[in-house]
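The values are calculated or read from the model by the stated rules, or taken from the named source; none is laboratory data. For clarity, every value in this text was computed on a predicted model and none was experimentally measured. Note that each Cβ is placed from the backbone with ideal geometry, even for glycine, and that neighbours are counted across all protein chains shown.
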Amino acid sequence: MTSLEVPVPHHAGIPPTTTSHFTWAGSAADPSRSPSVSNEHVRGVPPPPGVPSGSGPAYHSADNEDTLADLIAKYGNASSHAWLDTERYKIWRSSQPIPESAFTPAQGYFQREHYAFAWGNPLVSSPAALEKTARAFIAFAEASRLHPIWCCVDHDLEAVLASPTLGWATMSCIYEDVLDPAHVVELIDPKLEHHTPAAEHLMKSLANAEKGHVAVHEVKYGTWKAAEREAVEAGIKESGVHSGIEFRTMAAKPWLDEEHRRYWISVVGVIILSQSAPTSWQVVKCISFHPSTAGITEKLITTALKDLHSEHEERAKQTPSIAVVPAETQAGAQIGATPSVPADDTRTLDRLAVSFGITAASHLHQGHNLGGWKVSVLSRTYKAVSGMAGLQKVTLFRKQFEATEEPMFICYPANRFGFLSIGPLLLALRK
């Protein structure tokens, strides 16, 4: 996931920033492509004293492979963008070949006390590589005297970790908000006779932006003017001045991995999208510089979605559909269903999707290998944290786009009392 910001709205219903979020849980920046995310700098960290360097699996990187940023753009997800924040995240890569993946798998994680919090799914070319990759990372963590906890993972990895061979406990208190640009474009089509309540709310916000003469345009890679960069940086800095508790998975820095990002700006705001697959994008940042003007955030988002949709439609005319997702592997599978380990990469290669990132669920849901008093303790803790941080405010804003809520999971070894890691996780992610 990327940053979890809990903004205090400057006026009712229009949050000043929309960012990648997570309930307990962040991007780094450099105007140029930082060498810190190249393969020269993603070998993980040396093992702690007393652990021979050869006993852990994980300090290897192949110089002829894509950089970490390239891999995220091809095989990433709503969480892996955060790994580019090298001040917070370390990158593990398997020292042993995993034939099911076309490249050396990578996993971003951060350490707090004696816990290794793996953030999101590992980068692999196929879900068939997930089990061996998970086992290798677990071996690395244990060799480093760390307790592994996996956060913000999808159904594929949850199935691997909860399977009888590993037997991890799993739960879900978060989900990924995924937008279908075509649906949003249709949602606000003025030619429709009837609009849903969500569409009416969104169209009202867009009308307010039109009254304010808000104009939005894309700035292509390599065409930025110095004044435009300065305006974006100043706006982001100003938007960060708000009260309230904030839990981050990414830092608010706009220029990291600029090559794989797209930017739409106006004089009153900016939206930044980062690529996480050939036809998938994530909203890294969406900010209104002048929150007194209603509808700016909605105008930025819908403009970006319309442009992406038009481009995708044009490409679709030239390229036939090349993959289909079987029903049993589609996102949104029932929580608590018997886990089945994925056998091959079945992701749809031509599905256009834009993710808002990770969002707090209203309740904690029991997954696998978890029950009894532990569920009660976890539920009470989650309710207290989500209430304290006001995590549902962003959820209300996103509902007007009718995003699909795809459940995500937190997983830990069933016999390790992983719920005790909540405290260290909060401390590590609190701003």
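Listed values, structure above:
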{"quantity": "Hits in segment 175-201 - residues which are part of a loop (DSSP other than H, G, I, E, B) and either of a type outside the set (Ser, Thr, Tyr) or modelled with pLDDT of 90 or more (or both)", "calculated": "Asp180, Ile188, Asp189, Pro190, Lys191, Leu192, Glu193, His194, His195"}
{"quantity": "Residue check for Ser172: modelled with pLDDT of 95 or more and hydroxyl-bearing (Ser, Thr, Tyr)", "calculated": "no"}
{"quantity": "Residue, surrounded by the fewest Cβ atoms within 10 Å (Cβ to Cβ), within segment 350-370, restricted to residues that are outside any strand (DSSP E or B), on the phi < 0 side of the Ramachandran plot and over 18 Å from the mean Cα position of the chain (by Cα)", "calculated": "Asp350"}
{"quantity": "Residue count for segment 112-140, restricted to those that are of a type outside the set (Asp, Glu) and touching a helix residue (DSSP H, G or I) at 6+ places or on another chain (Cβ under 8 Å)", "calculated": "15"}
{"quantity": "Flag if Glu233 is at pLDDT 90 or above, surrounded by fewer than 21 Cβ atoms within 10 Å (Cβ to Cβ) and either more than 20 Å from Glu311 (Cβ to Cβ) or hydrophobic (A, V, I, L, M, F, W, C) (or both)", "calculated": "yes"}
{"quantity": "Whichever residue in segment 155-166 is within 23 Å of Gln111 (Cα to Cα) and touching a helix residue (DSSP H, G or I) at 6+ places or on another chain (Cβ under 8 Å) and, among such residues, is surrounded by the fewest Cβ atoms within 10 Å (Cβ to Cβ)", "calculated": "Leu166"}
{"quantity": "Criterion violated by Ile174 - all others in (1) touching a strand residue (DSSP E or B) at 6+ places or on another chain (Cβ under 6 Å); (2) over 28 Å from Ala403 (Cα atoms) satisfied", "calculated": "(2)"}
{"quantity": "Answer residue from segment 138-154, given it is surrounded by fewer than 24 Cβ atoms within 10 Å (Cβ to Cβ) and not small (Gly, Ala, Ser) and is farthest from Glu176 (Cα to Cα) among those", "calculated": "Arg145"}
{"quantity": "Test: residue in segment 327-348 that is within 23 Å of Val124 (Cβ to Cβ), at pLDDT 90 or above and among the hydrophobic types (A, V, I, L, M, F, W, C)", "calculated": "no"}
{"quantity": "Subset of segment 139-164 that is over 16 Å from Leu123 (Cα atoms) and in a strand (DSSP E or B) - its residue that is farthest from the chain's Cα centre (by Cα)", "calculated": "His147"}
{"quantity": "In segment 97-137, residue nearest to Glu87 (Cα to Cα) [restricted to those that are out of contact with any Phe, Trp or Tyr (no Cβ under 9 Å at 6 or more places or on another chain) and in a helix (DSSP H, G or I)]", "calculated": "Thr133"}
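The rows are residues; the columns are (1) in contact with a helix residue (DSSP H, G or I) (Cβ under 7 Å, 6 or more places away or on another chain); (2) in a strand (DSSP E or B); (3) modelled with pLDDT under 95; (4) under 24 Å from Thr404 (Cα atoms).
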position: Val214; (1), (2), (3), (4): yes, no, yes, no
position: Gly222; (1), (2), (3), (4): no, no, yes, no
position: Ala227; (1), (2), (3), (4): no, no, yes, no
position: Ala251; (1), (2), (3), (4): no, no, yes, no
position: Arg262; (1), (2), (3), (4): no, yes, no, yes
position: Val270; (1), (2), (3), (4): yes, yes, yes, yes
position: Ser292; (1), (2), (3), (4): no, no, yes, no
